[in-house]
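Below: one structure, written as structure tokens.
Just so you know, all these numbers are worked out from the coordinates, no wet-lab data involved. A quick note: this is a predicted structure, and the numbers were derived from the prediction, not measured. Here the Cβ positions follow ideal geometry from the backbone for every residue, glycine too, while neighbour counts run over all protein chains shown.
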Amino acid sequence: MKKITAIYPGSFDPPTNGHLDLIARGSKIFANLIVAILRNPEKAPLFSLEERRRMLETLTESFKNVRVDTFDGLTVQYAAEVKANAVLRGIRAISDYEYELQMALMNRKLQPDLETVFMMPAEQFSYISSKLVREVVQLGAPVKDLVPELVEQRLREKLDPAIKLQNARQPKARKQA
Ligand code: PNS
């Protein structure tokens, strides 16, 4: 069988247990898997590109056929640059389907030889998204079981001043109530 190199493109802001689950699954079926972090100038990310890259490198170091990279521009162009034949994407629930279908068909239009392969993360991760993790942690709730320990720690470090400020305000608000 042909040896397939796949890219797994995404924002990974931050990487979640769902992403890691998909990377583990992808590394089993592809010869090589490149986790490709999009450099998106339109979004103001919580973690810089370098921070995300470093976290993902540490989190994937046990997978010998996985490497982490960053890219900008079109996914299909990046795939051609690294000679990838497939794009890996995760589908958690039916709500993901429409957006993913659109992207897959657009990528196919742009590059008919590049196949998109969808995989489903384990069901315990099916409700986890980076966006919700950011929201939950910014509002001061724990994100244990949602993200790897390393990411939990980095989130705490990043948001500590905000959490401290929030905690400092809380007793006052209670007094007023
Ligand atoms: O983790 P995300 O934010 O859902 O990932 C989205 C991503 C990076 C896969 C998507 O935005 C993307 O492919 N961007 C690159 C630009 C591009 O190729 N656009 C045309 C295809 S839709």
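All conditions in (1) assigned to a helix (DSSP H, G or I); (2) touching a Pro at 6+ places or on another chain (Cβ under 8 Å) hold for Gln77, with the sole exception of (2). Residue pairs whose Cβ atoms lie under 8 Å apart, sitting 6 or more positions apart in sequence or on different chains, and linking a residue in the range 100-112 that is in a loop (DSSP other than H, G, I, E, B) to a partner that is small (Gly, Ala, Ser), are Gln111/Ala79; Gln111/Ala80.
Scanning the range 27-40 for residues that are within 14 Å of the ligand (Cβ to nearest atom) and either hydrophobic (A, V, I, L, M, F, W, C) or crowded, with 19+ Cβ neighbours inside 10 Å (or both) returns Ile34, Val35, Ala36, Ile37, Leu38. Check whether at least one residue in the range 70-85 is free of Cβ contacts under 8 Å to residues at least 40 places away in the same chain and more than 14 Å from the ligand (Cβ to nearest atom), and report yes or no. The answer is no; no qualifying residue exists. If you filter the range 23-71 down to residues that are of a type in the set (A, V, I, L, M) and part of a loop (DSSP other than H, G, I, E, B), you find that the one that is nearest to Ala86 (Cα to Cα) is Ala31. The single condition among (1) surrounded by fewer than 12 Cβ atoms within 10 Å (Cβ to Cβ); (2) within 11 Å of the ligand (Cβ to nearest atom) that Thr116 does not meet is (1). Selection within the range 1-26: residues that are among the β-branched types (Val, Ile, Thr) and surrounded by 19 or more Cβ atoms within 10 Å (Cβ to Cβ). The member of this set that is farthest from the ligand (Cβ to nearest atom) is Ile23. Consider Gln111 against the criteria (1) away from the ligand (no atom under 15 Å from the Cβ); (2) surrounded by 15 or more Cβ atoms within 10 Å (Cβ to Cβ); (3) over 30 Å from Leu159 (Cα atoms): it satisfies all of them except one. Which criterion is unmet? It is condition (1) that Gln111 fails.
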